[in-house]
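A quick write-up on the structure given underneath.
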Amino acid sequence: MRIRRRKGDFLKIGLIDVDSHNWPNLCLMKLSAYHKAQGHSVEWCESEGRYDVVYKSRVFTDTYSKDTVTVRNAGKVIMGGTGYGMKECLPDAVEHSYPDYGLYPQFPDTAYGFLSRGCPRNCGFCIVSGKEGRRSVQVADLSEFWDGQKEIKLMDANLLACPEHEKLIQQLAESRAWVDFSQGLDIRLVNPDNVSLLNKVRTKAVHFA
């Protein structure tokens, strides 16, 4: 994904969350934070007015999420997310931006993010191995997307397969936030050591993949 950027430019950025499935779009939150840090104007895309760039982000395919939005008031439209394909990725400068949680005030005091990416399982129903690789690797520390929120929605596909998982679980435990392992934990990788660490994490419920 190429982002137009020239020093001194002022850009008006529009965002479209194609899915709108009552779950914040992490990609859009990072894009918003990145562009605001460059001094650009960022808002949800409206049919009136004019935008330099509009980003459309879509996680789900046509089966679950129809893209019915046609943009005619932008100099450039960039579409990304697994709902459009698996080739586009955020540039590192955007990927490692602290999310702009202000985009979704309906989800207060909650942090969203990934500590690891990838999964070795390659399950037939899942796109993670094809998109992110058949190894689980650390991609961030908790501080990259958490800053004291009461709840953490962790979206890692297979945290326990990551070689650094014990360090990352320790970060979650030390946060004292309520942690939701939203994609589940791989029960085949549970052992006494990581169970001991997981027992230190504040969770309301844990489900296993």
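Values in this text are rule-based calculations from the coordinates and carry no lab data. Since we're looking at a predicted model, the values are computed, not measured. Positions of Cβ are backbone-derived with ideal geometry, glycine not excepted, and every protein chain shown enters the neighbour counts.
What number of residues within the stretch 31-53 satisfy the criterion of being over 15 Å from L103 (Cβ atoms) and surrounded by 12 or more Cβ atoms within 10 Å (Cβ to Cβ)? Let's see the steps before the verdict.
The first filter runs over the stretch 31-53 and keeps only residues over 15 Å from L103 (Cβ atoms), leaving 38-39, 47-53.
Applying the additional criterion that residues be surrounded by 12 or more Cβ atoms within 10 Å (Cβ to Cβ) yields 38, 51-53.
Result for the stretch 31-53: 4.
Output yes when any residue across the stretch 76-85 is surrounded by 19 or more Cβ atoms within 10 Å (Cβ to Cβ) and at negative phi, and no when none is.
Filtering the stretch 76-85 down to residues surrounded by 19 or more Cβ atoms within 10 Å (Cβ to Cβ) leaves 80-81, 83.
Keeping just the survivors that are at negative phi gives 80, 83.
Looking for residues that are surrounded by 19 or more Cβ atoms within 10 Å (Cβ to Cβ) and at negative phi, one finds at least one in the stretch 76-85, hence yes.
For the stretch 47-55, the condition holds for no residue, the condition being that it is closer than 26 Å to F114 by Cα, part of a loop (DSSP other than H, G, I, E, B) and in contact (Cβ under 8 Å) with a residue 12 or more places away in the chain. Look at the stretch 114-140 and say how many of its residues are within 15 Å of V179 (Cβ to Cβ) and out of contact with any Leu (no Cβ under 7 Å at 6 or more places or on another chain). Qualifying residue count for the region: 1.
Just one of (1) touching a strand residue (DSSP E or B) at 6+ places or on another chain (Cβ under 8 Å); (2) part of a helix (DSSP H, G or I) fails for L197. It is (1).
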